[in-house]
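**Student:** Handing you a structure now.
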């Protein structure tokens, strides 16, 4: 097995979700790149949207480091894959520094920082605080001695006197302040019910905002000091993640565009390694599936936002219905599940599944262990995989192909056959590419 050396790296963490770590982390990436540094990026946890911002900031693909789904042994190898060829790897955390899975399985930003032996820069909301910031940061620094808190970037600092009070308080506990970011409406990133609006929807506008953010961060933070923190990480030799074995030459259509942008890069690469030629199409624009395909993959996204346009593309919907009815191997996750339903909020869609989908005000969120009740293109009946759910919708009836278990509940969900898996479950194949091999094998059997 080949290996790679993890060099300069750091983790950007927050005290709590929404503290501004995404803004700071993405701004640091863009600011360092603007001055000629080759920057790689990764995101802790199962997020789909933040990596899109990272990729725009760095000019490189971003990766996810999810210790719960992929396993702790996969994190350093995945980080090495993300960092390959870059001068620095910046990893954005998830939620607060110590927040993670509710079953105590390693999954938090702190866990990932320890697994890759990376120093942590803590983003702290300084508004409405002065001396109290020392007590807050001391608690985060001392809570776990294995976590090396190397400095703080203060966010929402009102004015120079406010900055001075915060810096003096942190100097009293020997914590370095690497930057002070003021309050600026231009730094308020657009929001939606699942988080930031995906880059793919408004790339030009986001690029302009990112340029502004890079300038602010360069003026507010000591970029040389940030680089020194990253360089203080010990060199770490890590094996590269396993790649899928070549199975067969097949053509796999992957939905993309503004409505379906939630797909892990590691999943696409696993399919490619197994022999798939990836052919992209946009369900908002294309009237037919790509020609000569052997499988169809529809990831998550925001089909609810684009439901009128998706529903008006009746030629594509009929083509999808016909192909899947004739046995086209299909993998649909979350948004893809909704697209295959009979309707979404009473708007007709593909009708592959005899179920209706409806948006709700209730968030379904969390890690899941899934057990297959029937054979499907990704895993065999009786076998288990790990994944996560994140949606504000329901499907009625919801299917019973998988048993989804979490710490507090379990339920049947999803639709499956030897050629179809349509489910709310998102899988990440970075730690185990075997589901990609199985899908390609199923597609090869069905080649005409």
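**Student:** Here is a list: 233, 248, 225, 218. Which entry is buried (at least 20 other Cβ atoms within 10 Å of the Cβ) and at pLDDT 95 or above?
**Tutor:** One residue alone meets the criteria, 233.
**Student:** On the basis of being buried (at least 22 other Cβ atoms within 10 Å of the Cβ) and touching a residue at least 60 places away in the same chain (Cβ under 8 Å), does residue 241 make the cut? Outline the logic, then answer.
**Tutor:** On the way: buried (at least 22 other Cβ atoms within 10 Å of the Cβ): yes; touching a residue at least 60 places away in the same chain (Cβ under 8 Å): yes.
When the stated conditions are applied, residue 241 passes them.
**Student:** Any chance you could count how many residues in segment 134-154 are surrounded by 14 or more Cβ atoms within 10 Å (Cβ to Cβ) and not in a loop (DSSP other than H, G, I, E, B)? Let's see the steps before the verdict.
**Tutor:** In the first step, residues of segment 134-154 are kept if they are surrounded by 14 or more Cβ atoms within 10 Å (Cβ to Cβ); the result is 134, 136-138, 140-141, 144, 147-154.
Adding the requirement that they be not in a loop (DSSP other than H, G, I, E, B) leaves 134, 136-138, 140-141, 149-154.
Count: 12.
**Student:** Hey, another quick one. If residue 129 meets every condition in (1) at pLDDT 95 or above; (2) more than 15 Å from residue 71 (Cβ to Cβ) apart from one, which number is that one?
**Tutor:** Looking at each condition in turn, residue 129 falls short on (1).
**Student:** Which members of segment 372-429 meet the condition of being part of a loop (DSSP other than H, G, I, E, B), touching a helix residue (DSSP H, G or I) at 6+ places or on another chain (Cβ under 6 Å) and closer than 18 Å to residue 107 by Cβ?
**Tutor:** 428, 429
The values are calculated or read from the model by the stated rules, or taken from the named source; none is laboratory data. As the structure is a prediction and not an experimental result, all values here were calculated from the model. Neighbour counts run over all protein chains shown; Cβ positions are idealised from the backbone, glycine included.
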